[in-house]
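*Asks:* Take a look at this one; I'll ask things after.
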Amino acid sequence: MQTSQAKSGSTSNDLGFAQGEDESRSYDRIAIVASDTERAQEALAHLSAQGDWVPIEEADAVVVLGGDGFMLQTLHTMLDAGRIVPAYGMNLGTVGFLMNRYDKRASIRKRLERTRSKAIAPLKVHATTQNGESHTLWAINEVSLLRETRQTAWIEVTVGSRVRIKQLVGDGVLVATPAGSTAYNLSANGPILPFGSEMLALTPISPFRPRRWKGAILPDRMNIGLRVLDPEKRPVSAVADQKELRDVAEVTLAIQHETELELLFDPGQSLEERIVSEQFVTE
């Protein structure tokens, strides 16, 4: 069972973490999962000798060996199963934005005891296809609507209860959370959102019309609707993180604070700091 207790006398810093004396955190049942890459499998073999691990279905916390993509895959697995436990990533991939540094010499249990927890609220996506099928998807980083053919996508954009753009013409549009704002959203010239801002980025992808619209920053309490215009001639797919749904007709999405995911980070390696640092990259 997870326990977390900050010692008395500590204060909070501007990132929301307790500072002063260390926070004490312990987990009795820990699962460990790894991606299929050679590096991750080697790390799994090495770390497995540190103790007895349990299946993720029985765990109080899960150690994730791999990159950001495998972390997202693991978080989605928990969302789909309806059982969410804290996830501690160790980077054996490329970027490792959601991960911690891998150190084969360190004790996993000791590292977990010193971690700081941050909650991430995912987007819940309801999509309807051209043939009337309904689907529910989750997105931790972003939801993208993308044209499937050489024809530009025509998309009606609704925010709240009002149609804000009658016809967005371009390659598509995406909605990003703060955690995902430094990923595809950033490459599409969208804004980086501070973690904890409770905002969403609505970003066009290679827009042709309206020419001067660069996107919007929205309070995450507002629902967003995206309706595909002329879907037979201009088919559009919806991509929620790693899951794709073809030939969509309409998508509605909203943030789900009541279904928050929990990521664990080593001291001094907060997600907030990484998002802030990304805005000062000059190379």
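*Asks:* If you wrap the stretch 136-283's Cα atoms in a convex hull and average its projection over all directions, what's the area in nm²?
*Replies:* Quarter of the Cα hull surface area: 9.8 nm².
*Asks:* Check the straight Cα-Cα distances from Lys110 and name the lysines below 28 Å, setting aside those fewer than 8 residues away within the same chain.
*Replies:* Lys7, Lys118
*Asks:* What distance in nm separates the simple spin-label points at Glu58 and Arg221, each placed 7 Å from Cα in the Cβ direction?
*Replies:* 4.4
*Asks:* Which aspartates and glutamates have a Cα less than 17 Å from the Cα of Lys233, not counting those fewer than 8 places away in the same chain?
*Replies:* Cross-link targets: Glu148, Glu156, Asp171, Asp247, Glu250.
*Asks:* Let me ask something else about it. Order by neighbour count: Trp138, Trp213, Trp53, fewest other Cβ atoms within 10 Å first, most last. Can you show the working numbers first?
*Replies:* Working: Trp138 22, Trp213 15, Trp53 19.
Final ranking by Cβ density, sparse to dense: Trp213, Trp53, Trp138.
*Asks:* Could I ask something else about it? Enumerate the residues in the stretch 231-246 having an amide nitrogen under 15 Å from the point lying 7 Å beyond the Cα of Gln73 toward its Cβ.
*Replies:* Of the residues in the stretch 231-246, 241-244 have backbone N under 15 Å from the label point off Gln73.
*Asks:* In whole percent, what relative contact order does the chain give with Cα contacts below 8 Å and a gap of six or more residues?
*Replies:* About 19 percent, as a whole number.
*Asks:* Going by how many other Cβ atoms sit within 10 Å of their own, how do Arg147, Arg109, Arg211 line up, fewest first?
*Replies:* So the ranking, lowest neighbour count to highest, is Arg211, Arg109, Arg147.
*Asks:* Run the numbers for Ser134 and Asp80: contour at 0.36 nm per residue of separation, minus the present Cα-Cα distance, in nm. If you can, show how the numbers build up before the last one.
*Replies:* On the way: separation 54, 0.36 × 54 = 19.44 nm, distance 1.63 nm.
Full extension from Ser134 to Asp80 adds 17.8 nm.
*Asks:* Let me ask something else about it. Could you give the distance between the Cα centres of the stretch 179-226 and the stretch 43-89, to the whole Å?
*Replies:* 30
*Asks:* Mind putting a number on the dipole of the chain about its Cα centre? Charges go on the C-beta only, +1 for Lys and Arg and -1 for Asp and Glu, and I need it in Debye to the nearest 20.
*Replies:* Magnitude of the dipole: close to 900 debye.
*Asks:* If I take every Cα pair under 8 Å that is 6 or more residues apart in the stretch 123-259, average their sequence separation and divide by the length, what percent do I get for the relative contact order?
*Replies:* 32
*Asks:* Run the paramagnetic zone check for Leu146: 7 angstrom along Cα to Cβ, then residues of the stretch 192-218 with backbone nitrogen under 16 Å.
*Replies:* 203-207
*Asks:* Please identify the GluC sites (Glu not before Pro) of the stretch 60-162 that satisfy two criteria: DSSP loop assignment and at most 16 other Cβ atoms within 10 Å. Which are they?
*Replies:* Glu133, Glu148
*Asks:* If you don't mind, another one. Please name which of Gly160, Leu193, Ser237 has its Cα lying farthest along the dipole of the chain towards the positive end, using unit charges on Cβ (Lys, Arg +1; Asp, Glu -1) and the Cα centre as origin.
*Replies:* Working it through, the farthest residue towards the positive pole turns out to be Gly160.
None of the figures in this text is laboratory data; all of them are computed from the coordinates on show. Model, not experiment: these values are computed from the prediction. Glycine also receives a Cβ, built like all others from the backbone with ideal geometry; neighbour counts cover every protein chain displayed.
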